[in-house]
Amino acid sequence: MAEELLGGRYRLENVAGHGAMATVFAAYDTVLDRKVAIKLLQRTRDADGVVRDRFEREARAEAKIVHPNVVSVHDVGEHEDGRPYIVMDYVEGRSLQEVIAADGPLSSERVAILGTGIARALAAAHALGIVHRDVKPANVIVDPQGIPHLMDFGLARAIFDEDPGMTAPGVLLGTANYVAPEQARYGTASPAADLYSLGAVLYHALTGEPPFSGENALDVAMRRFEEDPAELRVLLPAADPDLTELIHALLARDPVERPWDAVMIAERLGNIGARLRATRTAGDTPEPLR
């Protein structure tokens, strides 16, 4: 009996992860002789087609972005039962969420280096008119070399694109711990909202906790309308002051007050990371690398 192959070419090997709407498999591309990752939509009731639309939107968005810090999409198809799938790069490593859970709070140097890669990924997306809208530790894969790879553009949309079918009134799109205030309140898609989320991710990586917590997602999202996160210079006196200042700038409640350019943010984070690395290798570091 011939081996069953998804799309006539992909052999599913094992489950690599689960998401809210899809299962990710490690797979083998028999045509190009390489390992790939395949995201297959779960059997979910979706009478209005919104879940499927988001899934297909992810494929279109990621396929446009060719960048070393973005998980690339190579192919799309449909399972024999009608469920769509996306074929992507297989990136060996752990999610940033898993890294933080296992290693605890990360050093300023490591946070700056990871932030540089994520900011570069966002810059590449923004240059194509795409905002991610769900930047969070679970959507960043860190490979064995410590390089971050941004993935899961399922909520992505074109800048200034109005698509009411994708955003129901009162529905929070994005993840409460990391979503920008204007995105939580109005569903606003902008580069500034992505950069707020980047700041929240870096805050989490540096402290081990997101900038806000609460009893439920709505409570967490609402807190950012009324207060700023705890000062990093107080929580972590040994953390690099340039890094903590930049993180707080990214977490400004008013998007007008945030740094607006992901390219500039990547450059600033890269400079901070390079300086901290040079200081550490010279044997004069105030903070251990972790």
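The values are calculated or read from the model by the stated rules, or taken from the named source; none is laboratory data. Keep in mind that what you see is a predicted model, and the values were worked out from it rather than measured. Virtual Cβ from ideal backbone geometry, glycine too; neighbours counted across all protein chains shown. Only protein heavy atoms, including side chains, enter the accessible area calculation; ligands, DNA and RNA are left aside. Shrake-Rupley method; radii C 1.70, N 1.55, O 1.52, S 1.80 Å.
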Point to revise | Computed over segment 202-290: relative contact order in percent, which uses C-alpha pairs under 8 Å that are six or more apart | key: 20 percent
Exercise for review: Just name one of TYR28, HIS126, LEU5: the one whose Cα is farthest towards the positive end of the charge dipole of segment 1-131 (beta-carbon charges, Lys/Arg +1, Asp/Glu -1).
Suggested key: HIS126
Check your understanding: Residues with amide H under 5 Å of VAL76's amide H, sequence separation 5 or more or different chain, H placed in the peptide plane at 1.01 Å from N; which?
Key -> VAL87
Practice item. Would you kindly find the accessible area of ASP103, with a 1.4 Å probe and non-protein molecules such as ligands, DNA and RNA excluded, rounding to the nearest 10 Å²? Key: 70 Å²
Review point. Straight-line reach from LYS64: which aspartates and glutamates have Cα under 16 Å away, leaving out those fewer than 8 places along the same chain?
Key: GLU56, ASP75, ASP89, ASP152
Practice item. Would you mind checking the radius of gyration and Dmax of segment 52-93 based on alpha-carbon positions, in Å? Key: 11.1, 33
Practice item. For the chain, just the Cα atoms, rotate onto the principal axes and tell me the three extents in Å, largest first. Key: 64, 46, 35
Practice item. Mind grabbing the base-10 log of I(q)/I(0) for segment 66-137 at q = 0.11, 0.23, 0.27 Å⁻¹? Debye formula, identical points on the C-alpha positions, no solvent, two decimal places. Key: -0.39, -1.18, -1.29
Review point. Going by the alpha-carbon gyration tensor, a ≥ b ≥ c the square roots of its eigenvalues, is segment 207-290 rounded (a/c under 1.5) or, if a/c is not under 1.5, prolate (a/b greater than b/c) versus oblate?
Key: oblate
Point to revise | Surface accessible to a 1.4 Å probe, per residue, for the residues of the chain, Å² | key: 48 Å²
Review point. So what's the convex hull volume per residue for the Cα atoms of segment 194-248, in Å³?
Key: 81 Å³
Check your understanding: Once amide H atoms are placed 1.01 Å from N in the peptide plane, what residues at a sequence separation of 5 or more from SER95, or on another chain, have their amide H within under 5 Å of its amide H?
Key -> VAL142
Practice item. Would you kindly state how much longer the chain becomes between ALA26 and ASP53 on full extension, computed as 0.36 nm times their sequence separation minus their alpha carbon distance, in nm to one decimal? Key: 7.4 nm
Practice item. Quick one: pull the percentage of alpha-carbon pairs in segment 1-42 with a separation above 11 Å. Key: 62 percent
Review point. Where the accessible area of the chain is counted over protein heavy atoms with a 1.4 Å probe, how much of it, in %, is carbon and sulfur?
Key: 52 percent
Review point. Which value, in Å² rounded to 10, gives the accessible area of VAL91 with a 1.4 Å probe and all protein chains present?
Key: 40 Å²
Review point. Kirkwood hydrodynamic radius for segment 99-143: how many Å is it when counted over pairs of different Cα atoms?
Key: 11.7 Å
Review point. Can you give the calculated 222 nm mean residue ellipticity of the chain, where each DSSP H run of n ≥ 4 adds -39,500 (n - 2.57) and the sum is split over every residue, rounded to the nearest 500 deg cm²/dmol?
Key: -12000 deg cm²/dmol
